[in-house]
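FYI, it's all coordinate maths here, none of it is from the lab. All of these numbers come straight from a predicted model, not from anything done at the bench. Neighbour counts are summed over all protein chains in view; Cβ atoms, including those assigned to glycine, are modelled from backbone coordinates with ideal geometry.
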Amino acid sequence: MVPVCPVTPMDINRFSERLSQCMQERHLNGNDLATLSGVTAATISRYLNGLRTPTVDNVILLADALDVSVDYLLGLHNVPDGKMLVSLYSIASSDDKRVLWTLLERYGGNHGTTKRK
């Protein structure tokens, strides 16, 4: 018998709050986000009011339009996007980069990044 991983249902309230927060930070209303994402304004309104659970496709479209990760938009973590981390890493000193790589190797495992500069 194959073990089944439990699936946790999406927290629609967390998603609604995060979507609203991202829109406010970018000074976007539902129509603006609809134009940017391709998701209808009516659907966005239903998401904001917790009346509908978003499809995977719509979460991806909204995350792209808001320039955040899907995980962030779903409330799975509190870092808005990986681009911020890359940007900060690019300005870190050589010593700080070595420290970061040490931490990543120790706690993140090896994800195909065996060589570094």
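Some points to look at:
- The simple Förster model, with R0 at 22 Å and r as the Cβ-Cβ distance, assigns LYS97 and ASP71 a FRET efficiency of 0.35.
- Ranking of MET10, MET23 by count of other Cβ atoms within 10 Å, fewest first: MET10, MET23
- Loop-located trypsin sites (Lys or Arg not before Pro) in the range 26-76 (DSSP state other than H, G, I, E, B) with a sparse environment of at most 15 neighbouring Cβ atoms within 10 Å: ARG26.
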